[in-house]
Amino acid sequence: LVCLLVAFAAYWSGLSAPFIFDSTPTIRDNPLLRFHSYGFDEWLSATLSSDTGPLKRPFAMFTFAVNAAVSGLDSAFPFNLTNLLIHCCNAMLVFVVVRRLYASSPHLSTRTDTRGGTWIGLITAAIFLLHPLQLPAVLHTVQRMSALSFTFVLVAVALYLPFRKQVLDNGFSAKSVVDALCLVGFCIVLGALAKENALLTPWLLLVIEAIFFRFRSAGHFNRDFRRIVVLALLAPIVALVAYLLV
């Protein structure tokens, strides 16, 4: 709570900054975000009003449309305030992910100090929350696309880790793998509809797997499980590269 309050204090003076760079044509000067009757057709047009990226980022545009419908387009303050709230939610998700990673990793969870994961998660979340690198995600209004995409990346990792802990302790089954991949895949799709960055989530999970879990199942290295994980996580990356090449 203290970290979140410090973040609000740090960002507050910048929330009234105007639309800048590509935030101007995407949001302020976007005629499809100016509602008249608030009918379904207007909402659909606003949601699909971006030409950025192959997927048009409709989920992010829908959130901009909600802001525009509530507060209009005269001020960027409500948009930037929403960005800050999303950034704070992401920081809390970082805390959850790091603490779960600490508890799930066989190299860390054997420590007797159970508070270690909480403190490491808190420090990591605080760095994420206040690091200047995160400034554009809040005050460059259109970069909400990146922040929202990252929200679903973090949710995907948070959902993957309990599954991984279960496999580490009890072994894996086809059903558990399919269930985990469906949950992760659903998060990736939602994240990609905000910005295509979320399509890199399988690569992130593969790095987490290689560093923290080392393809162990029921306490031991399992070659079959490694094949399944590598194929499942590399397949969307290969598909994405193939799409970009074609």
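The values are calculated or read from the model by the stated rules, or taken from the named source; none is laboratory data. All of these numbers come straight from a predicted model, not from anything done at the bench. All Cβ positions, glycine included, derive from the backbone under ideal geometry; neighbour counts span all protein chains shown. Areas reflect the complete protein model, heavy atoms only, side chains present, ligands, DNA and RNA absent. Shrake-Rupley method; radii C 1.70, N 1.55, O 1.52, S 1.80 Å.
What to note about this one:
- Candidates 127, 81, 39 compared by Cα position along the dipole of the range 1-131: farthest toward the positive end lies 127, with charges placed on Cβ.
- The loop-placed trypsin sites (Lys or Arg not before Pro) in the range 124-228, going by DSSP, that have at most 16 neighbouring Cβ atoms within 10 Å of their Cβ come out as 214.
- Length added when fully stretched, residue 231-residue 133, from 0.36 nm per residue minus Cα-Cα: 32.0 nm
- The range 153-224 - charge dipole about Cα centre, Lys and Arg +1 at Cβ, Asp and Glu -1, debye rounded to 20: 140 debye
- Inter-site label distance for residue 239 and residue 89 at 7 Å from Cα along Cβ, in nm: 2.6 nm
- Estimated dipole of the range 1-71 in Debye, rounded to 20 [Cβ of Lys and Arg +1, of Asp and Glu -1, Cα centre]: 120 debye
- Relative contact order of the range 49-133, defined on C-alpha pairs under 8 angstrom at six or more residues apart (%): 25 percent
- Each of 65, 215, 158 was placed along the dipole of the chain (beta-carbon charges, centred on the mean Cα), and the one lying farthest toward the positive end is 215.
- Rounded to the nearest 20, the size of the Cβ-charge dipole of the range 1-153 about its Cα centre is 560 debye, with Lys and Arg at +1 and Asp and Glu at -1.
- Accessible surface for the range 164-246, divided over its residues, is 58 Å² per residue with a 1.4 Å probe.
- Scoring 15-21, 97-103, 45-51 by mean Cβ neighbours within 10 Å over their residues and listing the highest first yields 97-103, 45-51, 15-21.
- Helical mean residue ellipticity (222 nm; -39500 (n - 2.57) per DSSP H run of 4+; nearest 500) of the chain: -21000 deg cm²/dmol
- Alpha-carbon centroid distance for the pair the range 160-233 / the range 28-103, whole angstrom: 29 Å
- Whole-percent carbon and sulfur share, accessible surface of the chain, 1.4 Å: 70 percent
- Placing unit charges on each Cβ (+1 for Lys and Arg, -1 for Asp and Glu) gives the range 95-246 a dipole about its Cα centre, and among 201, 170, 230 the Cα reaching farthest toward its positive end belongs to 170.
- Normalising the average separation of contacting C-alpha pairs (under 8 angstrom, six or more residues apart) by the number of residues puts the relative contact order of the chain at 20 percent.
- Proximal lysines to residue 56, defined as alpha-carbon separation beneath 28 angstrom and excluding residues fewer than eight positions away on the same chain: 195
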